[in-house]
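Report on one structure; see the data block that follows.
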């Protein structure tokens, strides 16, 4: 429990660089499309493709439960006559790991999709029976506007409700994995440490460690939220700064448009070398411009790089 809780305490992929290098496309377009089709058929859409630690941790738990279930299945008379015990264990571990890997994503989808309507229903029930506030009676007291018909009003409310629901789901899908991993991390670390300290499992709900678990869960949620949202924004800023520097500072192999003293044309030049001298940053350029006979100029000359400030 402590190890899994520590594993779920934070998610390192949230702070990754958004400009990661993608794998190069395959040389054959047909083979790439065929491989993609095979991948989609083998790995259906409901299996999460982003391997968050939350899914991997549940896969480990599912594999352990499958291994425990395999012992009960092996003890059934007649099972080992058809399949060897090792194969039974492997099948149970594979099935348990698969179910554990898919289960948190299914729970996430249920929370995101069913969360808003359940919140509305439970909120209405709470206001009506706990606070004595009936929203239907309040709506009936709103005066009717003659310029707005019932059909126009219902259509506007439908559009507004759809927009708010979709926006809420979009943000909810980003924060639900953080809250799930944070709550599970705090609960497992807090109660796992308590079990290690007392050398016994809790016998009643009163013995469950709540205060320490809540503190750890809040810390985990705060850390993951900070890394996910602030780290993503910081990565975007770093990428823009690198792109800006790439445009201003020319390196070896880059291409720059400048006037060639040989062909007297504003033609593309390839940066051959770049070195610092007493006069500044000196570039040796190779003119790649072509004349009317499609011949490359291929003239080498030096320029001093000047970067604008402000």
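If a paramagnetic tag sat 7 Å from the Cα of residue 74 along the Cα-Cβ line, which residues of the stretch 86-102 would have the backbone N under 20 Å from that point? Residues 86-98 qualify, since their backbone N sits under 20 Å from the label point.
Under the simplified labelling scheme, the residue 234-residue 142 pair shows an inter-label distance of 4.5 nm, with each label point 7 Å from Cα along Cα→Cβ.
What is the list of residues in the stretch 174-191 whose amide nitrogen lies under 18 Å from a point 7 angstrom out from the Cα of residue 126, following Cα to Cβ? Those under the cut-off are none; the list is empty.
Just so you know, all these numbers are worked out from the coordinates, no wet-lab data involved. Everything numeric in this text was worked out from a predicted model, so none of it was measured. Here Cβ is always computed from backbone atoms with ideal geometry, including for glycine, and neighbour counts include all displayed protein chains.
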